[in-house]
Amino acid sequence: MPKSEGGLGIRNLQARNMGLILSAAWRIAEKPNSFLHDILKAKYFPSSSIWRPKPNTPKSAFWSSVLKVLPILLQNSWIQLCNGSSSIWSSPWFNGWENIYDNLILQNRDFNYPATINQLWIPGRKEWNYSLVDSLFLQPAAQAIKNTTIVPTEEDDILCWNLTPSGKCNSKSTYRACLQMLFDTGTPSPDQVQESIKNIMKQVWRCKEMIPRIKTFAWRLLRRALATGDRASQFSRHIDKVCSRCGIPETDLHLFFLCPFAKAAWFLPLLFVKTEMLVANFPDISHIILDLLAQGHPTLNLNFLFTFL
Ligand SMILES: [Zn+2]
């Protein structure tokens, strides 16, 4: 999970790998004049485009990876129509384009089907030729086409990416899209982290005075990942469940706040914190820490607190 969500900011490698392939697929789709595009076209989509690859051909490892992410690419890409020179049949240019052939009304045998999108416009103008569109496509596809915006410039049509404000694909957005897809298709997503913990961890990661070792300690304490006796003894019978000082189960609360030794440390001069009171009011460590910070104690800043613990 990202640090802002209470995680350690370590990326999911599977999503990272898929994301990079998705970025590569985007570059192939966006730059139909590139060398790589020419090679792939010759082999995998000679009479079409990357959006309609030939099925069932022997594939290279790279191309079969691209095919796996193609649905995500298609779902998040769209073409901004400028001069309308893109192909009607092999570019994703309106909502529902994937099923264009199912919505086609077959014409007489000698009918010449238009090839590029601008052939569906009124000649010389940037407006849909309603009667032509209606005679070629079934509803609701015809309506979707007529609702598609045309930009009044003479540039080439532009491939746009839905997941960034700029409309350009980047590896951060492809990573996120792939991670989401993994979660949607069964990879268990991490538990939601309490807001109080996220808030403290945001301050911890930002804190310049705190050394890294203390930062990761803070994370482990708040995310209940410290190997206290109570926790670690669940995994091995060689580990004592109880506190070596007083024989009570060694939980986070006991170790840091309730053990007589811990209590004595908290009650040292300059601190004078009565930890039983804290634990009685806030049974959760993140809330105890937030309360200590909110008290405005001159010594108890974030760095001191976690270093002290
Ligand atoms: Zn103890």
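The values are calculated or read from the model by the stated rules, or taken from the named source; none is laboratory data. All values derive from a computational prediction rather than experimental measurement. Quick reminder, even Gly has a Cβ in these numbers, built from the backbone with ideal geometry, and neighbours come from all protein chains shown. These area figures cover heavy atoms from the full protein model, side chains too; ligands, DNA and RNA do not enter into them. Shrake-Rupley method; radii C 1.70, N 1.55, O 1.52, S 1.80 Å.
Summary of computed values
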{"item": "Pairs of Cα atoms farther than 19 Å apart, the stretch 82-156, %", "result": "28 percent"}
{"item": "The chain - percent of accessible surface contributed by carbon and sulfur, probe 1.4 Å", "result": "56 percent"}
{"item": "Global form of the stretch 182-309, assessed from the alpha-carbon gyration tensor, a/c cut-off 1.5", "result": "oblate"}
{"item": "Sparse-neighbourhood loop sites, trypsin sites (Lys or Arg not before Pro) in the stretch 157-233 - DSSP loop, at most 11 other Cβ within 10 angstrom", "result": "Lys208"}
{"item": "Trypsin sites (Lys or Arg not before Pro) within the stretch 25-77: DSSP coil, no more than 10 neighbouring Cβ in 10 Å", "result": "none"}
{"item": "Cross-link table Lys68/Lys198; Lys126/Lys172; Lys172/Lys202, entries beyond 27 Å C-alpha to C-alpha", "result": "Lys68/Lys198; Lys126/Lys172"}
{"item": "Lysines whose Cα lies under 17 Å from that of Lys274, excluding same-chain neighbours fewer than 8 positions away", "result": "Lys263"}
{"item": "Probe 1.4 Å, accessible area per residue of the chain, Å²", "result": "58 Å²"}
{"item": "The stretch 155-209: GluC sites (Glu not before Pro) in DSSP coil with no more than 13 other Cβ atoms inside 10 Å", "result": "Glu155, Glu209"}
{"item": "nm² value of the averaged projected area, convex hull over the Cα atoms of the chain", "result": "25.2 nm²"}
